[in-house]
Amino acid sequence: MYVAVKGGEAAIDNAHSLLADRRRGDRSVPSLTLDQIAEQLALGVDRVMSEGSLYDRRLAALAIKQSRGDLIEAIFLVRAYRTTLPRFGHSEPVDTGAMAVERRISACYKDLPGGQLLGPTFDYTHRLLDAELEGDPEIPAGATRDGPPEAVTRIADILGAEGLIEEDFPATGQPGDINQTPMEFPLSRAMRLQSLSRGDEGFLLALGYSTQRGYARSHPFAGEIRIGEVEVEVFLPELGFAVAVGRVKLTECQMVNQFKGSAKAPPQFTRGYGLVFGQSERKAMAMALCDRALRAQEFGEDVVAPAQDEEFVVSHCDNVQATGFVEHLKLPHYVDFQAELGLVRTMRAEYEAGLGAPAVETPPTIEIREAAE
Amino acid sequence: MFAQPSALEGGFARPVMDAQAVFRTVMDAMARPARVVPLNPMVTPPAPLSPAAAAIACTLFDADADFWLDSRLASHGAVVDWLVFHTGARSAPKPVDAAFALVTDIAAMPPLDRFAQGTQEYPDRSTTLVMQLPSLAGGSEMTFQGPGIKGHASIAPRGLPASFADQWRANGERFPRGVDVILADAEAVLCLPRSARLVNAEG
Amino acid sequence: MRVLALSDAETLRSRYAALGAEPPHSLLRGPETGLVMLRGRIGGTGEAFNVGEATVTRATVKLADGSVGHAMALGRVPEKVRQAAVIDALCQDGARATLIDAEFIAPIEQALAQADERRRRETAATRVDFFTLVRGED
């Protein structure tokens, strides 16, 4: 229960101006520009776009600046902004096979068509702090290599050619949208993936990790990870065909997992899929692990671990929802607390009155479920 | 591709302000059922779609709310294109698939129970009908009661189907399911939400 | 339309300005910014699913001679999209379209292709060349 309390207006105004002051910090240090954030904190921007579920680099950079680098706050700002815009429609499904790849690796095959392309990765760095970056060293442009372009074949196509991996089933019809329909479990895999794609990286990472440690083991291989830009096409009814409206950077992960077969079908590898905005390899991998774990029932596996429990994973992976409910505990609960205080005083009085007598009956547990504000 | 360039013209000149003004009008009319509320359409759609019905479409339809047109409207390609271009909504093949329905040929109109009725859990997933009438006055009188109506409210729209009174009573019996209706003539609207109970109908 | 959408706003602005006086036109819709839901496919080639939204801006213009042009591009870029729609309207005239393709579109397309090629060659430089060590009985 909440009680209306008026007052504190001046305190709130002053708190907000103090926030603005602290955000700006030492005035002798130049203010950050959005270009600096978008260019030099690009992966933070990617995370805000991915979990804010809105692809717009500049908005995400602004949100990071406004939130003083608190990424969940930035994600919240982006989600809030998103609700102010009308929805014009949806894109045609992007073709990640035609991606202009900046990175593509596979842990399954050493030599595969298109090769292992490391791209701008932290892998193989020594994780030693680079004191030179305290200054502004001259950075040479990336090296280049000549040679004709080569198609970067998907891992699924290589395994699929021999029937060794489960196939994709293209379906027509509109996929559900978690923004518009209330969640009813069980969800379609399409809606589950939408939810995972904007889910909290840390939460999904921990769940993915838990599957590796034995809580729903699925023997994953990073079949393929690719990062790069794809063209987005939107169907325009006034023209009668789809046109390209721009490009977005995406990270895709194909996880190849242990087999499934039956009396009717020979054993095949199964798959988990991850697709997220921006360069976000850890998130795409964690998403693919969770996707595979959540397919337990589809494959007739026992549901024994949190990562396999759709309601648990999907209901808790959204960090805007999570932060809203956790942080709402800061709101005044004065009347609630007064009631509890009264109750504990009564219990103590009864306890003292009957000291030496048999233990007092425990009061019934009162469970109050509050709606998230 | 759109055959007629005229399909692209005649939308709201100031989309945000104009849509808000029309929304306010429709909301007031929905909050006070069976009351005629003047509406300034501010759009010029291709015939036979009336400006008032078109203004309501431009205000309420969007990419997530498909519309159904009666066969008279659907036979005018320019009307379909105009609605698609200015609202972003798509045309639904069957009345039951539509969030909104636009009806001009009242005589040939499907009965109210052929439109989406919503479900017990989500009664809002029903069709809202926009019926284009020759006039909201001069017809036979109907009296309503219900939320938003102080005492009784009487209306006499011209051009409703003869069976409308019976259909409306049946619609009320499906509550909380059922359809909501917006009646529009050239310069005004009148709303009948499903909660409006028909208590008396002439002839 | 593809090249206009992919072009960055600054490139388009400067080339548009170089065209000379802007042809008179009226705005039939927009420029207005909204969202499109970006879709992917499960597993890359399977059933479609919604990944998340992107900001997008669209515009439709009409020139004095009645030609209509449309444009849509990712981002909050009203000026870019209005200019792209005007270019699209100009291209409705066959002869004008040939001229615009050659003098306006082709150079932008070429610059985009060069940038793409540069990035491809940078990525190619990070390709791993495995060498096989002597093994087994060989």
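The values are calculated or read from the model by the stated rules, or taken from the named source; none is laboratory data. This is a predicted model, so every value here is computed, not measured. Positions of Cβ are backbone-derived with ideal geometry, glycine not excepted, and every protein chain shown enters the neighbour counts. Keep in mind that these areas ignore ligands, DNA and RNA; they rest on the heavy atoms of the full protein, side chains included. Shrake-Rupley method; radii C 1.70, N 1.55, O 1.52, S 1.80 Å.
Dipole magnitude for the protein assembly as shown: computed about the Cα centre from +1 point charges on Lys and Arg Cβ and -1 point charges on Asp and Glu Cβ, it is near 880 debye.
With each label modelled as a point 7 angstrom along the Cα→C-beta vector, the residue C:103-residue A:242 pair spans 3.5 nm. The HN-Hα couplings worked out from phi for the stretch C:29-36 by the Karplus form 6.51 cos²θ - 1.76 cosθ + 1.60 (θ = phi - 60°) are 7, x, x, 9, 9, x, 10, 10 Hz, whole numbers, x standing for Gly and Pro. Excluding ligands, DNA and RNA, the accessible surface per residue across the stretch A:9-82 is 56 Å² with a 1.4 Å probe.
The magnitude of the dipole of chain A, with charges of +1 and -1 set on the Cβ of Lys/Arg and Asp/Glu and taken from the Cα centre, is near 140 debye.
Per residue of A:178-189, count partner chain C-beta atoms within 10 Å of its C-beta, then hand back the mean as an integer.
On the way: counts 1, 6, 3, 2, 2, 0, 1, 0, 0, 0, 3, 5.
Per residue, the average neighbour count from other chains is 2.
Farthest towards the positive end of the charge dipole of the stretch C:1-49, among the residues C:36, C:11, C:21, is the Cα of C:36, using unit charges on the Cβ of Lys, Arg, Asp and Glu. Heavy-atom accessible area buried between chains C and A is around 5700 Å² (1.4 Å probe, both sides summed). Across the options A:334, A:324, A:118, the greatest Cα extent toward the positive end of the charge dipole of chain A (unit charges at beta carbon of Lys, Arg, Asp, Glu) belongs to A:334. Against the main long axis of the alpha-carbon atoms of chain C, helix C:78-90 sits at an angle near 70°. In Å, what Kirkwood hydrodynamic radius results for chain C from the alpha-carbon pair distances? So the Kirkwood estimate lands at 17.8 Å.
When the GluC sites (Glu not before Pro) in the stretch C:27-93 are filtered for DSSP coil states and for at most 14 other beta-carbon atoms within 10 Å of their beta-carbon, no site remains. For chain A, the longest principal axis of the C-alpha atoms and the axis of helix A:281-293 are separated by about 80°. In this structure, residue B:175 and residue A:169 have a Cβ-Cβ separation that, at R0 = 41 Å, corresponds to a calculated FRET efficiency of about 0.50.
Go through C:34-45, A:300-311 and give me the packing order, highest mean Cβ count within 10 Å leading. Don't skip to the end; give the middle numbers.
Numbers: C:34-45: 23.5, A:300-311: 16.1.
Descending mean neighbour count gives C:34-45, A:300-311.
At most 10 other Cβ atoms within 10 Å and a DSSP loop assignment: could you name the chymotrypsin sites (Phe, Trp or Tyr not before Pro) in the stretch C:48-138 that fit?
Numbers: sites: C:49, C:104, C:130, C:131; in loops: C:130, C:131.
Those that pass, being in a loop and sparsely packed, are C:130, C:131.
When a/c reaches 1.5 or more, the comparison of a/b and b/c decides; with that in mind, is the stretch A:9-82 rounded, prolate or oblate per its Cα gyration tensor?
On the way: a/c = 2.94, a/b = 1.36, b/c = 2.17.
Verdict is oblate for the stretch A:9-82.
What is the sum of charges around residue A:66, taking Lys and Arg as +1, Asp and Glu as -1, for the other residues whose C-beta is under 13 Å from the C-beta of residue A:66?
Working: positive: A:22, A:23, A:24, A:58, A:65, A:68; negative: A:70, A:73.
Neighbour charge sum, excluding residue A:66 itself: +4.
Tell me the mean residue ellipticity at 222 nm calculated for the protein assembly as shown from its helices only (DSSP H runs of n ≥ 4, each -39500 (n - 2.57), averaged over every residue, nearest 500). The per-residue figure over the protein assembly as shown is -10000 deg cm²/dmol.
Give the angle, between 0 and 90 degrees and rounded to the nearest 10, that separates the Cα long axis of helix C:9-18 from the longest principal axis of the Cα atoms of chain C. Approximately 40 degrees, to the nearest 10.
Using a 1.4 Å probe on the protein heavy atoms, what percent of the accessible area of the protein assembly as shown belongs to carbon and sulfur?
Working: 20530 of 37030 Å².
Result for the protein assembly as shown: 55 percent of the exposed heavy-atom area is carbon or sulfur.
Packing-based ranking of A:93-102, B:68-77 yields A:93-102, B:68-77, ordered from highest to lowest mean Cβ neighbour count within 10 Å. Rounded to the nearest 20 debye, the dipole magnitude of chain C is 320 debye, with +1 charges on Lys and Arg beta carbons, -1 on Asp and Glu beta carbons, and the Cα centre as origin. Taking every pair of Cα atoms in the protein assembly as shown, average 1/r, invert it to obtain the Kirkwood radius, and report Rg/Rh to two decimals. Rounded to two decimals, Rg/Rh equals 1.02. Ordering A:20, A:210, B:160 by Cα displacement along the dipole of the protein assembly as shown toward the positive end leaves B:160 in first place; charges were set at the Cβ atoms of Lys, Arg (+1) and Asp, Glu (-1).
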